[in-house]
Structure formats: structure tokens, C-alpha cells
1. Which of the helices (runs of 4 or more DSSP H) found entirely inside segment 1-103 contain at least 2 residues meeting this: modelled with pLDDT of 95 or more, surrounded by 11 or more Cβ atoms within 10 Å (Cβ to Cβ) and not polar (S, T, N, Q)?
2. For a quick check of your reading of the model, give me the residue pairs whose first member lies in segment 1-23 and is free of Cβ contacts under 8 Å to residues at least 60 places away in the same chain, whose second is hydroxyl-bearing (S, T, Y), with beta-carbon atoms closer than 6 Å and at least 6 apart or on different chains.
3. Would you mention how many residues in segment 24-55 are touching a Gly at 6+ places or on another chain (Cβ under 9 Å) and in contact (Cβ under 8 Å) with a residue 40 or more places away in the chain?
Amino acid sequence: RTIAALDPDLFCQIYSFAREHYETDKVSYHVSAELGRAPLPAEVEDLPALLEQFDAREILHVTFGSVLTAKSASGEPVFHDRFMATLQNNPEAYAANLERHFERHLMPFVPSI
């Protein structure tokens, strides 16, 4: 979400890469996302909202390792350095998104008062 909001071009590149590598990367997962149900990058107007779409989110999740380790033909990282720099240069936005993420996943375990 942080990358989608702060560096939309990078996010689009990552999403395109993820779509291209999903079929290969998914073999080590039990997943149900389908490329045909995930919007194409050119169809997405609200990039952070794309993460609310199940198939797109799962495609990004499954390919995250490939995204961070992808290398160019010359051996340079394709996404890693720019990805990490965006997070490091925007610690408040990154922290706020992490907080929302953990709250969403942990709130079901908090007893009602």
C-alpha cells in the first residue's frame, strides 16, 4: 500500500511483474487467485485500492519473493533498491500502513468489552 501510494510507477511495474510470474510462483502455494479475475495494470485507477481485490492481492503476495530478488540481465536488482528506498524515505507512511495491517488482522482476537 505504501509503494502504491508513494511510487505508483514502481507499483505498476511490480504488479505487471507479479502477473507475469504468478503461474510459476504459485506452484509452491495452495492458492485460488486467477489472473483472469485480477485487473490488468492499465485498468487500475486507484492503485492502493487494488489491494482490496482478492486475486490481485494474492498474486502480489505469492510473487513477493520473486519481486524482491528479481535481477536485470546485468545482475542489478530490478525492484529491491527502489522498493526499500521508498519505505526508508517515508517511515511515517510505512508505519501507518503497517499499523493498519496488523490492526485488521489482530482485531478479531481482541475480546469485546
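The values are calculated or read from the model by the stated rules, or taken from the named source; none is laboratory data. What you are looking at is a predicted structure, and each value in this text was computed from that prediction instead of being measured. Cβ sites come from the backbone with ideal geometry, for glycine too, and all protein chains shown count toward neighbours.
1. So the answer is 2-6, 8-25, 54-62, 64-69, 80-88.
2. A18/T63; H21/T63; H21/S66; Y22/T63
3. 1
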